[in-house]
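Below is one structure; the comments refer to it alone.
A short reminder: the numbers here are calculations on the coordinates, not readings from a lab. Because the structure is a prediction, the values reported are computed rather than measured. Cβ sites come from the backbone with ideal geometry, for glycine too, and all protein chains shown count toward neighbours.
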Amino acid sequence: MRRLLLLAAGLLVLPAFLFAQIPEDSDIRAVFSDMYVSDGMLLNAHKDPKNWLLYGRDYANTRYSPLKQINQGNVKDLVVKWAFSFGVLEGQDSQAVVFNGRIFVTTSFNRVYSLDGRNGDVEWSYKRDLPSDVFPHLCCDVNNKGLALYHNKAYLGTLDAHIVAFDMASGEEIWDVTTGDYKNSASHTGFPLAVDGKIITGTGGAEYGIRGWIVALDAETGKEVWRIWTIAGPDGPMLEATGKVYPDWQKQWGGDSWKTGGGSQWTGISYDPDLGSIFVPIGNPGPDFDGASRPGDNLFSNTTMVLNPDNGLLRYWFQYTPHDPWDYDGVNEVILADIDGRKVWLHADRNGHLYSIDRTNGRCLWVVEITEINWVTGFGDNCRPIVNPDYDPEVQGYGVVTMNIHPTLDGGKEWHPMAYSPKTNMVYVPTYNFGMDIEPLKQKWERGEWFLGAQVLRITDGNGSIRAHSASTGELIWENISQWPATSATVATGGGLVFFGGPDGIFRAADDETGEELWSFQTGTGIHGSPTTWSIGGTQYVGAVVGAGGGGLWPLHYGKWLSNHTKGGALFVFGLHD
């Protein structure tokens, strides 16, 4: 039947009034439109080598592409095919999302561009008029991580806490929905998840003492379908097993501390259609460094929450850093993979560890270090960390500076997502190796004001690396050490390559088995975005979003960094020399 429809599509153009009669969720629409992303396309994105449709290319967030036209033997012939300047400065945390030769990319200050993938020509653009008073409410620069594509629309989360839906082909705004109050420091910088008729995303703002939430909107109308809290309290989240709130929520948050408990969600969400679950990483508690003011494990901060996407009910969870006084923001992505016959998720945390978790029940299978560690001495049941009191600022108390804690609040691993290659059975982790000094501070919460709970916060010297670990055991296979922290995502390919960038502006390709650097290119500015790869007309391309800035404290440590480095946002697109 589908072949007949494809033949018909090649012979005639379906009239608009007939196209409108086809149900929105029907794959038939995709036959008659080159700008329509069906549910089937998203479910099978891992099998589609030419497009990059989701945050990690597929629902599992693997950041692996089977494309191999560019490979170890010819990557030295990689050249710039074209480049597109965004025309704005500050941090560029986005990536090129690609569908049928069209590139969709977001920039700082919530600009959006739709580009012809062959030459970078602008098809349409969008510039958001942000309120002037939003900027003091943004923790970590004016960045955005990308657009979600679904049916005939593209979806943007904004810095002033809106979700905007555009017509994918024309850029016409279809709807604009307010999801939160930016004056209470709610904001969207993450990549929304499109799944089964819904657009799902969370809010930033933990550094301001918000109480985090996740919202699901109807993809067609923008109407709210469900909303849950990420911080346990008297009103949720609700457990699917009982239909009630977590029974010990009062033990999790002493007094009223749950009301300002943090728990942001601003990175990519993973989806397992076989289990019918979404895997939602949740960030740090608030205040960030004053653990004494919030007794308990502080669920569900620093947690991967496993939810029913239909209603937002909580199925199970895993908490990486209970009662965190180090700001080890657990919001990093989770990769879903079937390893040695077992369904797992892989997560590299800011607390300095790489985890393998059974994704059917939330039980930890193993945990290994990915950087220098001193805050933990070991692990107990289900990989619960055993804290070293010498490096716990809460134990040391107010008025005492706890020195050289490893890792720093940036990690371990920052938000920049890692990649998993089924070809090598390795994960490629961008890491930081720095320390910090902390003195906690008793701080009163004020609406819309910073709520860090720190009198002293200093970063000590360090470096970074790309590390390849076995996905079966966590064993370190190779490490590519650099002078700087690793500030971009990694991408693994069927051509035996791993692509990544750094704050020095150099975009690199390495051998996926050994880590040997095979090619590099100086982009002229820091790289903090996420590279992607795709094909058009049988030609493979690799794209790198560049532009210095973004969250984290390492730029403050390198106070003179911008004396010989420049800002400037752009998309570089590479291909093999003709």
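Here are a few things to note about the model shown:
- Contact order relative to length of the chain, as percent, for alpha carbon pairs under 8 angstrom and 6 or more apart: 14 percent
- Per the Kirkwood formula applied to alpha carbons, region 156-236 shows a radius of gyration over Rh ratio, Rg over Rh, of 0.99.
- For region 72-178, the average shadow cast by the Cα convex hull is 8.4 nm², which is a quarter of the hull's surface.
- Distance in nm between pseudo-label sites at Lys47 and Leu553 (7 Å out along the Cβ direction from Cα): 4.8 nm
- The translational diffusion coefficient of region 350-468, from Stokes-Einstein at 10 °C and 1.306 mPa s with a Kirkwood hydrodynamic radius over alpha carbon pairs, comes to 99 µm²/s.
- Over region 365-409, the ratio between the Cα radius of gyration and 2.2 N^0.38 Å evaluates to 1.27.
- Ordering of 516-529, 366-379, 275-288 by packing [mean C-beta count within 10 Å, highest first]: 275-288, 516-529, 366-379
- Under the Karplus curve 6.51 cos²θ - 1.76 cosθ + 1.60, θ = phi - 60°, whole-Hz ³J(HN,Hα) for region 563-577, x wherever Gly or Pro sits: 6, 10, 9, 10, 7, x, x, 6, 10, 9, 10, 10, x, 5, 4
- Potential lengthening of the chain between Thr566 and Glu172 amounts to 138.5 nm, from the contour at 0.36 nm per residue minus the alpha-carbon distance.
- Compactness index (Cα Rg / 2.2 N^0.38 Å), region 457-518: 1.20
- Spin-label zone in region 54-92 - amide nitrogen under 19 Å from a point set 7 Å from the Cα of Asp34 along the C-beta vector: none
- Taking packing as the residue-averaged number of other Cβ atoms within 10 angstrom, the listed peptides 207-218, 407-418 run from highest to lowest as 407-418, 207-218.
- Expressed per residue, the C-alpha convex hull volume of region 238-307 stands at 85 Å³.
- FRET E, pair Arg128, Val456, Förster distance 45 Å, beta-carbon r, rounded to 0.05: 0.75
- Equivalent ellipsoid semi-axes - Cα gyration tensor, region 499-578, angstrom: 26, 15, 11
- Part-to-part distance (alpha-carbon centres) for region 403-427 and region 308-345, which is given in Å: 15 Å
- Angle in degrees between helix 2-11 and the longest Cα principal axis of the chain, rounded to the nearest 10: 60 degrees
- Spread over its residues, the convex hull of the C-alpha atoms of the chain is 143 Å³ per residue.
- 24 Å tail of the calculated P(r), region 279-375, as % of Cα pairs: 22 percent
- Taken over region 35-135, the convex hull of the Cα atoms encloses 147 Å³ per residue.
- Amide H contacts of Gly101: none lie under 5 Å away among residues 5 or more positions distant or on a separate chain (H built 1.01 Å from N in the peptide plane; Pro and chain starts excluded).
- If you sort the three axes of the alpha carbon gyration tensor as a ≥ b ≥ c, you get a/c of 1.5 or more for region 228-279 and a/b no higher than b/c, which makes it oblate.
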